[in-house]
Amino acid sequence: MTVLVVGGGGREHAVIKKLKESPRVGRIFAAPGNGGISRDAECVPIKAGDVPALVAFAKEAGVDFAVIAPEDPLVHGAVDAFSAAGIRAFGPTADAAILEGSKIFAKNFMKRHGIPTAPFSEFDDLGKALRYLESAEYPVVVKADGLAAGKGVIIAADRAEAEAAVRSMMEDGAFGESGKRLEIEKFLTGPEVSVLAFCDGEHVFPMASSMDHKRAYDGDRGPNTGGMGTVAPNPFYTDEVARQAKERIFIPTVRGMREEGRPFRGCLYFGLMITDDGPYVIEYNCRFGDPETQVVLPLLDSDLLDVMEKTVDGTLTADDVRIRDGHACCVIMAHEGYPGKYEGGFEIVIPREIENDVYVAGGTVSDGKLISGGGRVLGVSATAPTLEEAVGLAYRRVGMISFPGSFYRRDIGKRALSAYNG
Ligand code: AMP
Ligand code: GLY
């Protein structure tokens, strides 16, 4: 089968490496891919957001199956466009991707279906939002309604910060149209857990739970990033929490979407917070998470193409989504200065013996050499029977890669390890 994977980061590299394990996968194209991905797939220079060009290419190249990984094309109807052209595509239709595309839709959806989430108020009028802040309880969380490349959430400690956040979104248009509408919600506390689940419109089968490390520096300090590392499974996701999440969140979400005529088919990402009252939904994403995918797929003991096809066809069963015992860790290597200003363009040498465990997030190839690009450059992963071993192995592999000004956190997995060790 000829497969096209849309996107070009570490997540897409992990999807491609997993698909390559399937005996039924023949050619793999990536659009646009990146320099690292070009060692595993044929990269075509089409942007992930250029849906008409992607569909035209897929028809011409005889693509049998497309995987749409990033949120932007999903929210803008890429899967609908591929289907209309007669090509099966993995991912939700635009109708269902709205769970990520509009936070206000998602919050009202959860309210309609009794799914636990922080109480909220929605606004499309600056004056009303500012008046609401006069009597709000702080901290509050201000969220732009639409897609904002992971930056549309501001935790405001007091009224002044909240006003600044609201004004930046509604008055200054910090996130363009995405922030003209916003919602303000109650600040919750508790450990966060990511759960990525295959949903075929009717059934939902989670993969291993995971923990992201979003802050740039050790000890969960410094600015927010796209994610500096992950471990799976997440120790805060106990069997009891998993049972509650399935009953109160996963099943009602999939059932609710079906009942509303928007069946969700694809990978649904549940961003959960484990509060004293059990799991709450912090956010839905309509796709694989990055860098969660880099730890969750290595623990999937199934043929990914098989799972994806059954997800699209609505024929997924529990036996199809098998999770391996053991643990995984992924450490992100970035350029010094990320998420602020950084310099790129350095040669990266990845030793052959660990090539399979390295997911390249950004980079190009020049004269056969891999040249670093993007803020986050690559992720180095490992699986092992225990978390301690997985973390140790991931860091030993990090030690085998170097490029000038490389920067990574030294404490990925530390919080999870102390949770296991009580
Ligand atoms: P989101 O983009 O919705 O995932 O939000 C980004 C981050 O903001 C989350 O991972 C949480 O750490 C934090 N956050 C979002 N909503 C809340 C909330 N209601 N209470 C506390 N923290 C939150
Ligand atoms: N790791 C968070 C995300 O993919 O949105």
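Points to keep in mind about this one:
- Across region 24-43, the qualifying residues are those that are in contact (Cβ under 8 Å) with a residue 40 or more places away in the chain and open to solvent by 10 Å² or more (accessible area, probe 1.4 Å), and the one among them that is nearest to the chain's Cα centre (by Cα) is Asn34.
- Checking each residue in region 213-242 for being within 17 Å of Ser406 (Cα to Cα) and acidic (Asp, Glu) picks out only Asp218.
- With respect to being within 25 Å of Gly9 (Cβ to Cβ), surrounded by fewer than 21 Cβ atoms within 10 Å (Cβ to Cβ) and at pLDDT 95 or above, Tyr217 fits the description.
- Condition met for Val79 (buried (at least 23 other Cβ atoms within 10 Å of the Cβ), assigned to a helix (DSSP H, G or I), among the β-branched types (Val, Ile, Thr) and in contact (Cβ under 8 Å) with a residue 12 or more places away in the chain): yes
- Residue within region 185-193 that is in a strand (DSSP E or B) and within 22 Å of Ser121 (Cα to Cα) present: yes
- The single residue among Ala89, Ala94 that is crowded, with 17+ Cβ neighbours inside 10 Å, free of Cβ contacts under 8 Å to residues at least 40 places away in the same chain and touching a helix residue (DSSP H, G or I) at 6+ places or on another chain (Cβ under 8 Å) turns out to be Ala94.
- One residue stands out in region 200-221 among those that are touching a helix residue (DSSP H, G or I) at 6+ places or on another chain (Cβ under 6 Å) and within 16 Å of ligand 1 (Cβ to nearest atom): the one that is farthest from Asp325 (Cα to Cα), namely Met211.
- Matching residues in region 159-184 - criterion: being open to solvent by 10 Å² or more (accessible area, probe 1.4 Å) and under 23 Å from the mean Cα position of the chain (by Cα): Ala174, Phe175, Gly176, Glu177, Ser178
- Of all residues in region 270-287, those that are under 24 Å from Ala149 (Cα atoms) and among the β-branched types (Val, Ile, Thr) have Cβ atoms under 7 Å from Cβ atoms of residues that are outside any strand (DSSP E or B) and at pLDDT 95 or above, 6 or more apart or on another chain, in Val281/Met110; Val281/Ile115; Val281/Pro116; Val281/Ile249.
- Of the criteria (1) outside any strand (DSSP E or B); (2) under 27 Å from Val231 (Cβ atoms), which one Asp172 fails: (2)
- For region 274-288, the set of residues classified as open to solvent by 20 Å² or more (accessible area, probe 1.4 Å) and either near ligand 2 (Cβ under 10 Å from one of its atoms) or not acidic (Asp, Glu) (or both) consists of Ile274, Thr275, Tyr280, Ile282, Glu283, Arg287, listed by residue number.
- Positions within region 289-317 being within 16 Å of ligand 2 (Cβ to nearest atom) and hydroxyl-bearing (Ser, Thr, Tyr), in sequence order: Thr293
- Positions within region 220-240 being part of a strand (DSSP E or B) and surrounded by fewer than 17 Cβ atoms within 10 Å (Cβ to Cβ), in sequence order: Arg221, Gly222, Pro223, Asn224
- Residue in region 60-71 that is touching a residue at least 24 places away in the same chain (Cβ under 8 Å), farther than 21 Å from Thr311 by Cα and either open to solvent by 50 Å² or more (accessible area, probe 1.4 Å) or of a type in the set (A, V, I, L, M, F, W, C) (or both) present: yes
- Which listed residue, of Gly326, Gly392, Gly314, Gly337, is surrounded by fewer than 19 Cβ atoms within 10 Å (Cβ to Cβ) and without any contact (Cβ under 8 Å) to a residue 60 or more places away in the chain: Gly392
- Filter result (open to solvent by 20 Å² or more (accessible area, probe 1.4 Å) and in a strand (DSSP E or B)) within region 360-376: Thr364, Val365, Ser366, Lys369, Ile371, Arg376
The values are calculated or read from the model by the stated rules, or taken from the named source; none is laboratory data. This structure is a prediction, so every number in the text was calculated from the model and none was measured. Note that we place each Cβ from the backbone using ideal geometry, even for glycine, and neighbour counts take in every protein chain shown. These area figures cover heavy atoms from the full protein model, side chains too; ligands, DNA and RNA do not enter into them. Shrake-Rupley method; radii C 1.70, N 1.55, O 1.52, S 1.80 Å.
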